[in-house]
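Structure first, commentary second.
The values are calculated or read from the model by the stated rules, or taken from the named source; none is laboratory data. Computed from a predicted structure; not experimentally measured. With ideal geometry, Cβ positions are generated from the backbone for all residues, glycine too; neighbour counts draw on all protein chains shown. In case anyone asks, the SASA skips ligands and DNA or RNA and just uses the protein heavy atoms, side chains included. Shrake-Rupley method; radii C 1.70, N 1.55, O 1.52, S 1.80 Å.
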Amino acid sequence: MTTIKQADFIQSVSDALQYISYYHPADYIQALGEAYKLEQSPAAKDAIAQILTNSRMCAEGKRPICQDTGIVVAFVKVGMNVRFETGLSLEQMVNEGVRRAYLLPENKLRASIVTDPAGKRANTKDNTPAVVHVSLVAGDTVEVSIAAKGGGSENKAKLAMLNPNDSIVDWILEVVPQMGAGWCPPGMLGIGIGGSAEKAMLMAKESLMAPIDMHELKLKDRQSLNKIEELRLEIFEKVNNLGIGAQGLGGLATVLDVKILDYPTHAASLPVAIIPNCAATRHVHFVLDANGAAELTPPDLNTYPDVHWAPSAQAKRVNVDTLTKTDIAHWQAGETLLLTGKILTGRDAAHKRIANMLAKGEKLPVDLSNRFIYYVGPVDAVKNEAVGPAGPTTATRMDDYTELMLGQLNLLGSIGKAERGDEALAVIKKYKSVYLMAVGGAAFLVSKAIKKSRVIAFEDLSMEAIYEFDVVDMPVTVAVSATGESVHKTGPALWQEKIGQDKIAKQKVIEITALN
């Protein structure tokens, strides 16, 4: 019988979470590098370049790939010939590993977990508890697959109880565009088919732990493919044909792989779950066999794609401290900017508190008039940093506050990631405001533009407090112009049409060749 020591298990979990905070899986980096080579959309190619450059910076500096360092999910398979030398439960050991990883002084990770989710939503300060799935299996080892899942991608999870004769592919092609870009494509789609509702969701999540192998799958003889492999290829091709592209800007690469796990189900049922994995793609697998803590080998940076992002020569430099509505009225959707000056931050909790204070007739602690607000919850600074990784959060969650912020409080503009809803677009147009987009998955790169940071309101909200950042050449794209034009609508529509035209042209070439 194998004996696993408490200290080894906890240390392995802690080391794994630190490891995945700054090292992308090698398979993801290689797949993203290939997508970069093939990408034809300038906006999408620039976004991918930022993600690849950010990845290298994080691997070298051992700082988080994304400011959202995730909710920890662990799949633990315990061999039935294993015993633990511990006074803690398995979940307690996982949580102790999480606590140590997220509070490590050299690379403190952002605590995002809140208790009382339907009530006060108080931050636990150490990112515990994790979500732990345990199964007993044959054998004398403990296998752990662990991930840190960002909220932007997790929030896009979908479950449908289809009829047995419904098309799984049709449902997925209906759902993926509804996800928007808040899950930071290009990434992976995890799909669970069968079982029951909860089993389908678990399979979708666990499937994301597998390595990317779509390139190898496409090279296989089509006659040798099983039904699941055929389905993966079909979904992969048809989702990419939607033209959503990197960050939802329109392009060729929306997904890098599609993973599917299935399970027998009731004759009357067809449960199907889909969960995307974002550009951070944090997961790792290790095995404990009583020979100490797991050893994780750092990736070879020489194998990383030779991509080094730099601002475009066409990017317009603007001083946000002196901007007026007359100035921003001339900005065009899709235009790239480099921001310098003072910007405020604020996300869900801050917006809610502002709304509640105004409803009670209370004076706000900060004047938002003619300012830009950045939807971000940064990682704490270490050493000489002004702030830790500070990439954007999904802007759509702030849509309900758009009328309040732009109308009553006279906010000039906002910065986030992903698209805005139709109602928010109408309000932005009404007040001749703008919405700017930073690249999700490039948090460390973005943070280098932040030279000073201070909390100016709602300090008790931790990472959701209102900060003031002094930025220099912060890279953004005009996602919504003062006329209400959105690149998240025009970009994918343009590229879906272009991809369709290219497919028709290729088919004609094949037909002509066959005739000759």
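Which pairs break 18 Å Cα to Cα here: Lys316/Lys430; Lys220/Lys259; Lys238/Lys503; Lys199/Lys220; Lys156/Lys218? Each step should come with its number before you reach the end.
Values: Lys316/Lys430 25 Å; Lys220/Lys259 16 Å; Lys238/Lys503 12 Å; Lys199/Lys220 30 Å; Lys156/Lys218 27 Å.
Beyond 18 Å: Lys316/Lys430; Lys199/Lys220; Lys156/Lys218.
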For segment 140-235, convex hull of alpha carbons as volume per residue, Å³: 149 Å³
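Can you show me the helix-derived [θ] at 222 nm for the chain, built from DSSP H runs with n ≥ 4 at -39,500 (n - 2.57) apiece and divided by the number of residues, rounded to the nearest 500. Don't skip to the answer; put the middle values down first.
Working: 14 runs with 168 residues, N = 516.
Here the helix-only value at 222 nm equals -10000 deg cm²/dmol.
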Globularity ratio of segment 379-516, using Cα Rg and 2.2 N^0.38 Å: 1.44
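Under a Cβ-only charge scheme (Lys and Arg +1, Asp and Glu -1), can you give me the dipole magnitude of segment 216-318 about the Cα centre, in debye to the nearest 20? Display every interim value, and only then the final one.
Values: 10 positive and 12 negative charges, 115 e Å.
So the dipole magnitude of segment 216-318 works out to roughly 560 debye.
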Accessible-area value, Arg100, 1.4 Å probe, nucleic acids and ligands omitted, Å²: 110 Å²
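Would you mind computing the Rg to Rh ratio of segment 185-310 from its alpha-carbon coordinates, Kirkwood style for Rh? Each step should come with its number before you reach the end.
Working: Rg = 17.2 Å, Rh = 16.7 Å.
In segment 185-310, Rg relative to Rh is 1.03.
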Segment 260-268 - phi-based ³J(HN,Hα) in whole Hz, Karplus 6.51/-1.76/1.60, Gly and Pro as x: 9, 10, 10, 7, x, 9, 5, 4, 8
Protein accessible area in segment 1-153, 1.4 Å probe - carbon and sulfur %: 53 percent
Relative contact order of the chain, defined on C-alpha pairs under 8 angstrom at six or more residues apart (%): 19 percent
Inter-site label distance for Ala329 and Asp170 at 7 Å from Cα along Cβ, in nm: 4.9 nm
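Between His308 and Val287, what length in nm is gained on full extension when 0.36 nm per residue of separation is reduced by their alpha carbon distance? Each step should come with its number before you reach the end.
Details: separation 21, 0.36 × 21 = 7.56 nm, distance 3.50 nm.
Result for the pair: 4.1 nm of gain on full extension.
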Label point 7 Å beyond Cα of Val382 along Cβ direction - residues of segment 38-65 with amide nitrogen under 19 Å: 54-65
Orphan Cys of the chain, criterion: no other Cys C-beta under 4.7 Å: Cys58, Cys66
Segment 285-302 - phi-based ³J(HN,Hα) in whole Hz, Karplus 6.51/-1.76/1.60, Gly and Pro as x: 10, 9, 10, 10, 9, 6, 9, x, 5, 5, 10, 10, 8, x, x, 7, 5, 5
³J(HN,Hα) computed for each position of segment 138-155 - Karplus, 6.51 cos²θ - 1.76 cosθ + 1.60, integer Hz, glycine/proline x: 5, x, 10, 10, 10, 9, 10, 10, 10, 9, 10, 9, x, x, x, 7, 4, 5
4 °C / 1.567 mPa s Stokes-Einstein diffusion coefficient of segment 77-133, Kirkwood radius on C-alpha pairs, µm²/s: 100 µm²/s
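Over the chain, what number does the Rg to Rh ratio reach, with both radii from the alpha-carbon atoms and Rh per Kirkwood?
Numbers: Rg = 23.4 Å, Rh = 24.0 Å.
A ratio of 0.98.
In terms of the ratio Rg/(2.2 N^0.38 Å) built on C-alpha atoms, what value belongs to segment 1-121? Intermediate results must be reported in sequence, preceding the final value.
On the way: Rg = 18.4 Å, N = 121, 2.2 N^0.38 = 13.6 Å.
That ratio works out to 1.35.
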Coordinate range along principal axes, alpha carbons of segment 357-426, Å, largest first: 40, 30, 20
Principal semi-axes in Å for segment 269-415 [√(5λ), Cα gyration tensor, largest first]: 38, 24, 18
Area accessible to solvent at Lys342, 1.4 Å probe radius, in Å²: 80 Å²
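Heavy atoms only, probe 1.4 Å: what % of the accessible area of segment 162-281 goes to carbon and sulfur, would you let me know? Intermediate values should be presented prior to the final figure.
On the way: 2410 of 4590 Å².
With neighbouring chains kept in place, the figure for segment 162-281 is 53 percent.
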Gained length - Leu301 relative to Glu229, 0.36 nm times residue gap less alpha-carbon distance: 22.8 nm
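Given Cβ point charges of +1 (Lys, Arg) and -1 (Asp, Glu) and nothing else, what value in debye, to the nearest 20, does the dipole of the chain about its Cα centre take? Don't skip to the answer; put the middle values down first.
Numbers: 54 positive and 59 negative charges, 242 e Å.
Dipole magnitude for the chain comes out near 1160 debye.
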Sequence-distant residues sharing a close amide H with Thr265 (under 5 Å, placed H): Gly195
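With a ≥ b ≥ c taken as the square roots of the eigenvalues of the C-alpha gyration tensor of segment 313-400, please select rounded if a/c is under 1.5 and otherwise prolate if a/b is larger than b/c or oblate if it is not? Walk me through the numbers on the way to the answer.
On the way: a/c = 1.84, a/b = 1.24, b/c = 1.48.
In terms of gyration-tensor shape, oblate.
With a 1.4 Å probe and all protein chains left in place, how much accessible area per residue does segment 73-224 have, in Å²?
On the way: 7070 Å² over 152 residues.
Value returned for segment 73-224: 46 Å² of accessible area per residue.
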Farthest toward positive dipole pole in the chain [+1 Lys/Arg, -1 Asp/Glu at C-beta], among Ser414, Ala138, Pro392: Ser414
Linear extension gain, Thr322 paired with Met80, 0.36 nm per residue minus alpha-carbon span: 80.4 nm
For Lys5, residues with placed amide H under 5 Å, excluding near neighbours: Glu85
Highest average packing first - 222-228, 21-27, 150-156, Cβ atoms within 10 Å: 150-156, 21-27, 222-228
